[in-house]
Amino acid sequence: CSRWEEEKKEDGVKWMQLEHRGPYFVPPYEPLPKDVQFYYDGKPLKLSLATEEIATFYAKMLDHEYTTKEIFQNNFFHDWRKEMTSEEQAIIKDLDKCDFGEIHKYFVDKNEARKALPKEEKQKLKEEADKIQEEYGYCILDGHREKIGNFKTEPPGLFRGRGEHPKMGMLKKRIMPEDVIINCSKDSKIPEPPEGHKWKEVRFDNTVTWLASWTENIQNTLKYIMLNPSSKLKGEKDWEKYEVARRLKDVVHTIRAQYRKDWKSKEIKKRQRAVALYFIDKLALRAGNEKEEGETADTVGCCSLRVEHIQLHPQLDGQEHVVEFDFLGKDSIRYYNKVSVEKPVFKNLQLFMKNKDPSDDLFDHLNTTFLNKHLQDLMDGLTAKVFRTYNASITLQEQLKALTNPEDNVAGKLLSYNRANRAVAILCNHQRSIPKTFARSMQVLQEKIDAKKKQVEEAQEEVKKAEDEFKDTKDAKAEANVEKKKKLLKRLEEQLARMNIQATDKEENKQIALGTSKLNYLDPRITVAWCKKFGIPIERIYNKTQREKFAWAIDMAGEDFEF
């Protein structure tokens, strides 16, 4: 049997044997050279080691827009002062009087020097990194040698967060062995902590899949060292996720009929649940859990929408019953959409918004726990999240069917694939900011296209000349020449077509992030089947890491796989 289909363990047990080396700790801080100085109020000031280390975190980020934000500056300065000696605290009272310029320049130069290293030096560094990977990057799990995902602890630094995170700039502390809980099997060779240190705790818990964990100091959340996505355990979990989404396909019609009926329910609670579910299903919104106030950026999902996040338009742009959404979703990504909804949904929203302030909850009788409990009753294993996976995967499959032209060449088929993937990314609202290099690289491509057009025109002239010559002479040599020139023209025309496709693809993709859906929401078997059916090499779509992660799908799916 293949490694994806080995014997199943009893419920809750994830492994029988787990042995590893423990995390790899970030090397200790290296003090700055004597001639690189920090200045306060124009005068050089020698900092204590701990204070200097934190100063380098800020200095390294000087050319980043984070350090221009007031909240980042305030959080940094507050945390930095806490770590200073009392003498330093007495002197350093104003961030504006701090000059990190020399330190910043030192790290920029160091970086440049590293990039400019000769090949053999770079090779040496790579070998050292590979050695660490070999030693710490693998574990033994039930007799298989499996790769670990993130075997290094996160280095200390300044917290960035996404969007306008209220904690940005705070000090992310160095993780010590004393912070770390190790998880392995009792009879394994238990990992040794670094010299002079001890672990916080060693556990033998085979109902979880993590190898080590610690609490990070900023959000007080648990961080884990987990297996690499290519490992058997992760592969199985991934497979199960898509199997649950496929089960939803069989009952989604019943569920839709049910929530439509509930739009007219006597209970406001049920009505709100039914409208929220309609949004989650139709628009692939995230569920939106309750969050601690002031701890995190103000982002919402479906259940946590407030009145201020939607506007109702009985008529708009020639459509009726339009809901205009405008809110910050996960990672502070703005969701903006105008959607024509069914009349009962529109009427219900009017009712839910009646006599409320803008900052009041839209679904005030609803939370994700209540919603997910209802979903679990409708289908085992169903949560709001499954709708996103289901709608993403089914959209990819339908779009591929609609867009792929079997007559197209490989480049044409790949454009169709990317367009299908884009439809999913738009549904899931996976945006990115336009890359800084976009305009330049587009310009370079356009110049190449123009040059290629010129070559095509010249080749057309050449063909015409050759044909005229053949008309005059009618000899075999002239005839062969015509064929030769036509072949060249055809090759140049194909190259031009390929470049034009590339430009179209690039332009359509500038604000859309395809990777998130590709890795997390799309059943890879749909892609594998499509590749096999149309003879597209799988590496044109999945890179090496992705092929490792989706090995289970590449193994399992034939060209007739249907999600």
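The values are calculated or read from the model by the stated rules, or taken from the named source; none is laboratory data. Small disclaimer: the values here were computed from a predicted structure and weren't measured. Positions of Cβ are generated from backbone atoms using ideal geometry, with glycine treated the same way; all protein chains shown enter the neighbour counts. Remember, those area values only see protein heavy atoms, side chains included, never the ligands or the DNA or RNA. Shrake-Rupley method; radii C 1.70, N 1.55, O 1.52, S 1.80 Å.
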When the chain is fully extended, how far beyond the present Cα-Cα distance does Gln443 get from Glu154, taking 0.36 nm per residue of separation?
-> 100.2 nm
Please work out whether the stretch 336-407 counts as rounded, prolate or oblate from its C-alpha gyration tensor, where a ≥ b ≥ c are the square roots of the eigenvalues and a/c under 1.5 means rounded, while otherwise a/b larger than b/c means prolate and anything else oblate?
-> oblate
Considering only protein heavy atoms, what is the solvent-accessible area of Phe77 at a probe of 1.4 Å, reported in Å² to the nearest 10?
-> 30
With only alpha-carbon atoms counted, please give the Rg and Dmax of the stretch 234-382, in Å.
-> 16.0, 50
Rg/Rh for the stretch 69-155, where both radii come from Cα atoms and Rh is the Kirkwood radius = 1.18
Please report the orientation-averaged projected area of the stretch 384-434, defined via the convex hull of its C-alpha atoms, in nm².
-> 4.1
If you roll a 1.4 Å probe over the chain with all protein chains in place, what percent of the accessible area is carbon or sulfur?
-> 50
Taking only the alpha carbons of the chain, what extent do you get along each of the three principal axes, in Å, biggest first?
-> 97, 74, 57
How fast does the stretch 38-120 diffuse by Stokes-Einstein, in µm²/s, taking the Kirkwood radius from C-alpha pairs at 20 °C and 1.002 mPa s?
-> 155
Please list, in chain and number order, the residues 5+ apart from Lys510 or on another chain whose amide H is under 5 Å from its amide H, with Hs placed from the backbone.
-> none
Partners for Lys270 among lysines (Cα-Cα distance below 27 Å; same-chain residues under 8 apart left out) | Lys249, Lys261, Lys282, Lys291, Lys330, Lys338, Lys343, Lys347, Lys354, Lys356, Lys373, Lys385
Where only protein heavy atoms count, and the probe is 1.4 Å, what is the accessible area per residue for the chain in Å²?
-> 57
Rounded to whole Å and sorted largest first, list the principal axis extents of the Cα atoms in the stretch 392-556.
-> 65, 39, 28
In sequence order, calculated HN-Hα J values of the stretch 494-502 (Karplus, 6.51, -1.76, 1.60; Hz; x Gly/Pro) | 5, 4, 4, 4, 4, 5, 5, 4, 4
If you put +1 on each Lys and Arg Cβ and -1 on each Asp and Glu Cβ, how big is the dipole of the stretch 234-382 around its Cα centre, in Debye rounded to 20?
-> 760
Phi-derived 3J(HN,Hα) across the stretch 546-556 with the Karplus relation (6.51, -1.76, 1.60, θ = phi - 60°), rounded Hz, x for Gly and Pro, is 5, 5, 5, 4, 9, 3, 4, 6, 5, 5, 8
Quick one: which residues, 5+ away or cross-chain, put their amide H under 5 Å from the amide H of Asn228? H built at 1.01 Å from N.
-> Lys147, Ile148, Gly149
Across the stretch 67-84, in residue order, what do the Karplus-derived ³J(HN,Hα) couplings come to in whole Hz, using 6.51 cos²θ - 1.76 cosθ + 1.60 with θ = phi - 60° and x for Gly and Pro?
-> 6, 8, 8, 4, 5, 5, 4, 5, 4, 4, 5, 4, 5, 5, 4, 4, 8, 6
